[in-house]
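Visitor: First the structure, which I've put down as structure tokens, then a few questions once you've had a look.
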Amino acid sequence: MGRYGARWEGVLGSFLEVQLFAPPWRARRALEAALAEVRRLEGVFSRHRESELTRLVRAGGGRPSGEMRQVLAWALKLQEATDGAFHPAPQHGGEALRFLGEEVEVLAPLDLDGLAKGYMADQAVAAALRAGARAALVNLGGNLARRGPGKALVGVEPPTGPDNAPPALTLTLGEGGVATSGVRHKGAHLLDPRKGTPAVGLQATVLAPSALLADGLAKALFLMGQEAGKVLAAFGAQGFLFTSQGPVPVP
């Protein structure tokens, strides 16, 4: 049993890093399984190439796969829980989709980036465990997922400053996910779908039972501020809202 890792650039326009605790004869297979799972799910959720998502949007709906249905259901659940701060079509607002039995009607150009990367990180971890890893940590463009015995320390970058700045916050991740939304890498890019205007803030980080939840709730926390405290608590998550004085726990 040992520790193994690999990193791939250019995955979903970013990077994929995988760290494993596994028997040596299973390590390579587990690493490749995590990468293959992310590549497969790119064909489901990508907005930037032909995918199940682009086909659903183009057709105005259809019968989604089980994976797509699961993520769409979470999108609606988070939209309701956050009073629209999280939204599956943030540039559109209003009603974006509705389930009609086994089918879904798409009413707006869906953008699932706020959940899909977290979901893909969760599934990459699951794929590595199925391939023989005892524990796995996946970092998909800053969306972290971990499963298995032990814990990992996660350093969170400050929202501003040089690339080699020390972490502004260190979290202990057992099983679950961590995600951050903020201005550091993309500038002021988040849109508040409730107002149709750019969101104002520095950074929000969430530790949650899954990377999918962390991904969606980090965006909600960035937009809602301290008002998101009850929402995070309802999902078993903890957040940190970054101000000019540093990270503030929420709730």
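The values are calculated or read from the model by the stated rules, or taken from the named source; none is laboratory data. Because the structure is predicted, anything quoted here is derived from the model rather than measured. Cβ sites come from the backbone with ideal geometry, for glycine too, and all protein chains shown count toward neighbours.
Visitor: Output the residues belonging to region 125-183 that are within 20 Å of Ala208 (Cα to Cα), more than 18 Å from the chain's Cα centre (by Cα) and basic (Lys, Arg).
Guide: The one that is within 20 Å of Ala208 (Cα to Cα), more than 18 Å from the chain's Cα centre (by Cα) and basic (Lys, Arg): Lys151.
Visitor: Could you check region 66-98 and list, in sequence order, the residues that are under 16 Å from Ala108 (Cα atoms) and assigned to a loop (DSSP other than H, G, I, E, B)?
Guide: Matches in region 66-98: Gly84, Phe86, His87, Pro88, Ala89, Pro90, Gln91, His92, Gly93, Gly94, Glu95, Ala96.
Visitor: Pick out the one residue from Val44, Val11, Val57, Val18 that is at pLDDT below 95 and among the β-branched types (Val, Ile, Thr).
Guide: Numbers: Val44 fails: at pLDDT below 95; Val57 fails: at pLDDT below 95; Val18 fails: at pLDDT below 95.
It is Val11.
Visitor: Going by the conditions given, is Val38 in contact with an Asp or Glu (Cβ under 9 Å, 6 or more places away or on another chain) and either among the hydroxyl-bearing types (Ser, Thr, Tyr) or buried (at least 17 other Cβ atoms within 10 Å of the Cβ) (or both)?
Guide: no
Visitor: I've got another one for you. Could you look through region 234-249, keep only residues that are at pLDDT 95 or above and not in a strand (DSSP E or B), and pick out the one that is farthest from Leu169 (Cα to Cα)?
Guide: In this case the residue turns out to be Ala234.
Visitor: Moving to a separate point now. What residue, among those in region 94-124 that are free of Cβ contacts under 8 Å to residues at least 40 places away in the same chain and among the acidic types (Asp, Glu), is nearest to Leu213 (Cα to Cα)?
Guide: Restricting to residues being free of Cβ contacts under 8 Å to residues at least 40 places away in the same chain and among the acidic types (Asp, Glu), the top hit is Glu95.
Visitor: Say whether the condition of being surrounded by fewer than 21 Cβ atoms within 10 Å (Cβ to Cβ) and part of a strand (DSSP E or B) is met by at least one residue in region 105-126.
Guide: Yes, region 105-126 contains at least one residue that is surrounded by fewer than 21 Cβ atoms within 10 Å (Cβ to Cβ) and part of a strand (DSSP E or B).
Visitor: Shifting gears a bit: Can you pull out every residue in region 1-17 that is assigned to a strand (DSSP E or B), in contact with a helix residue (DSSP H, G or I) (Cβ under 8 Å, 6 or more places away or on another chain) and touching a residue at least 40 places away in the same chain (Cβ under 8 Å)?
Guide: Listed by number, the residues that qualify are Val11, Leu16.
Visitor: In region 67-106, which residues are β-branched (Val, Ile, Thr) and closer than 16 Å to Thr54 by Cα?
Guide: Scanning region 67-106 gives Val71, Val104, Val106.
Visitor: Same structure again: Given Leu20, Leu35, Leu56, Leu31, which one is more than 15 Å from the chain's Cα centre (by Cα) and part of a strand (DSSP E or B)? Give the steps one after another, and end with the answer.
Guide: Working: Leu35 fails: part of a strand (DSSP E or B); Leu56 fails: part of a strand (DSSP E or B); Leu31 fails: part of a strand (DSSP E or B).
Going through Leu20, Leu35, Leu56, Leu31 in turn, the sole match is Leu20.
Visitor: Could you tell me whether Glu50 is in contact (Cβ under 8 Å) with a residue 24 or more places away in the chain and either over 23 Å from Gly216 (Cβ atoms) or touching a strand residue (DSSP E or B) at 6+ places or on another chain (Cβ under 6 Å) (or both)?
Guide: Here the answer is no, as Glu50 does not meet what is asked.
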